[in-house]
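> Next up is a structure, given as structure tokens.
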Amino acid sequence: MSNIGIMGGTFNPIHTGHLLLAEHALETAGLDEIWIVPTGCSYLKRKEGIEILPAEDRYRMVCLAIEDNARFRCLDIEMRRPGNSYSYETMEQLKKEYPENRFFFICGADCLYTMEYWKCVDRLFAACGILAAVRGDADIEGMQKKKNELEERFGAQIQLLPFRRIEISSSEIRERRREGLSTRYLVPEAVRVYMEEKGLYQDE
């Protein structure tokens with residue numbers, strides 16, 4: 001049985017911080033592979049008024065970003081599913097399609113404070129373990145308390161994953177693209193070239 005870490009998100013665009021977290025989870029949580037799952041239809045980001053590239057572009061950038069890492073994969077299962085993307089549906093689908101694997105959902109530890117309000121979170125916890133990345137300046141004691149609460153209430157399996165603070169965001173990259181500034185070293189070179197060639201994030 002393989003241990004698979006699942007990293008979901010809009011990846012609008014994917015950047016070096018995402019990849020550093022994926023590699024860190026791989027090394028420190030005893031995972032065999034990381035599967036990255038770009039969202040198809042992100043209702044949360046739409047509500048926040050954030051312009052999101054078509055799923056095909058975001059998927060292609062993830063593929064380019066991980067093409068030199070044999071232990072990373074990119075899945076299009078949320079892109080192919082109509083309507084809003086919910087984490088519990090993705091994890092249940094993966095568990096059903098790959099029963100020989102054990103899955104772990106990777107997220108930021110701040111999600112622990114909102115997870116109980118996610119759609120069908122009990123089904124998410126039943127389908128996979130949770131790897132919650134804790135930044136260096138975070139309230140570890142508070143997060144440990146919330147972790148214990150969720151485990152007791154839902155029978156969840158949650159592991160806190162200490163992780164360095166990385167000051168890179170997709171919104172910063174989009175802003176730099178709009179302003180004609182360089183994104184070199186913030187994203188993998190293949191992603192930077194793809195954005196340049198297609199003129200992405202320049203018309204927002």
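The values are calculated or read from the model by the stated rules, or taken from the named source; none is laboratory data. Values in this document were obtained by computation on a predicted structure and should not be read as measured data. Please note: Cβ atoms are built from the backbone with ideal geometry, for glycine as well, and neighbour counts cover all protein chains shown. Side chains included, ligands, DNA and RNA excluded: accessible areas come from the protein's heavy atoms. Shrake-Rupley method; radii C 1.70, N 1.55, O 1.52, S 1.80 Å.
> When you check R80 against the structure, is it over 28 Å from E167 (Cβ atoms) and surrounded by fewer than 18 Cβ atoms within 10 Å (Cβ to Cβ), yes or no?
Yes.
> State which residue pairs qualify: first residue in contact (Cβ under 8 Å) with a residue 60 or more places away in the chain and inside the range 115-133, second residue part of a strand (DSSP E or B) and surrounded by fewer than 16 Cβ atoms within 10 Å (Cβ to Cβ) in any location, beta carbons under 6 Å apart, and separation of 6 or more residues or different chains.
Between residues of the range 115-133 that are in contact (Cβ under 8 Å) with a residue 60 or more places away in the chain and residues that are part of a strand (DSSP E or B) and surrounded by fewer than 16 Cβ atoms within 10 Å (Cβ to Cβ), the close pairs are L131/Q159; A133/G108.
> Now for a separate question. So which residues in the range 134-151 are aliphatic (A, V, I, L, M) and at pLDDT 95 or above, if there are any at all?
The one that is aliphatic (A, V, I, L, M) and at pLDDT 95 or above: L150.
> Return the residues of the range 90-112 that are at pLDDT 95 or above, over 18 Å from G30 (Cα atoms) and open to solvent by 30 Å² or more (accessible area, probe 1.4 Å); say none if nothing qualifies.
E92, Q93, K95, K96, E97, Y98, P99 - these are the residues of the range 90-112 that are at pLDDT 95 or above, over 18 Å from G30 (Cα atoms) and open to solvent by 30 Å² or more (accessible area, probe 1.4 Å).
> Step by step: first the residues of the range 168-197, then only those that are within 21 Å of the chain's Cα centre (by Cα) and assigned to a loop (DSSP other than H, G, I, E, B), then the one that is surrounded by the most Cβ atoms within 10 Å (Cβ to Cβ). Which residue is that?
To start, the set of residues in the range 168-197 that are within 21 Å of the chain's Cα centre (by Cα) comprises 168-175, 183, 185-192, 194-195.
Applying the additional criterion that residues be assigned to a loop (DSSP other than H, G, I, E, B) yields 168-169, 183, 185-186, 188.
Numbers: I168: 15, S169: 12, T183: 19, Y185: 10, L186: 19, P188: 21.
So, considering only residues that are within 21 Å of the chain's Cα centre (by Cα) and assigned to a loop (DSSP other than H, G, I, E, B), the one surrounded by the most Cβ atoms within 10 Å (Cβ to Cβ) is P188.
> Please go through the range 74-117 and pick out each residue that is among the aromatic types (F, W, Y), within 13 Å of the chain's Cα centre (by Cα) and assigned to a loop (DSSP other than H, G, I, E, B).
If the condition is that a residue be among the aromatic types (F, W, Y), within 13 Å of the chain's Cα centre (by Cα) and assigned to a loop (DSSP other than H, G, I, E, B), then Y86 is the only one that fits.
> Restricted to the range 51-67, and to residues that are outside any helix (DSSP H, G or I) and charged (D, E, K, R), which residue is nearest to Q202 (Cα to Cα)? Walk me through it before giving the result.
Going residue by residue through the range 51-67, those that are outside any helix (DSSP H, G or I) are 51-54, 67.
Then drop every residue that is not charged (D, E, K, R), which leaves 51, 67.
Working: E51: 11, E67: 25 Å.
The residue in question is E51.
> Answer with yes or no whether L161 is under 17 Å from the mean Cα position of the chain (by Cα), at pLDDT 95 or above and not aromatic (F, W, Y). Give the steps one after another, and end with the answer.
Values: under 17 Å from the mean Cα position of the chain (by Cα): yes; at pLDDT 95 or above: no; not aromatic (F, W, Y): yes.
No; evaluated as a whole, the condition is false for this residue.
> Does M7 satisfy the criteria of being more than 24 Å from Y185 (Cα to Cα) and touching a residue at least 24 places away in the same chain (Cβ under 8 Å)? Step through it out loud before you land on a result.
Working: more than 24 Å from Y185 (Cα to Cα): no; touching a residue at least 24 places away in the same chain (Cβ under 8 Å): yes.
Criteria not met by M7.
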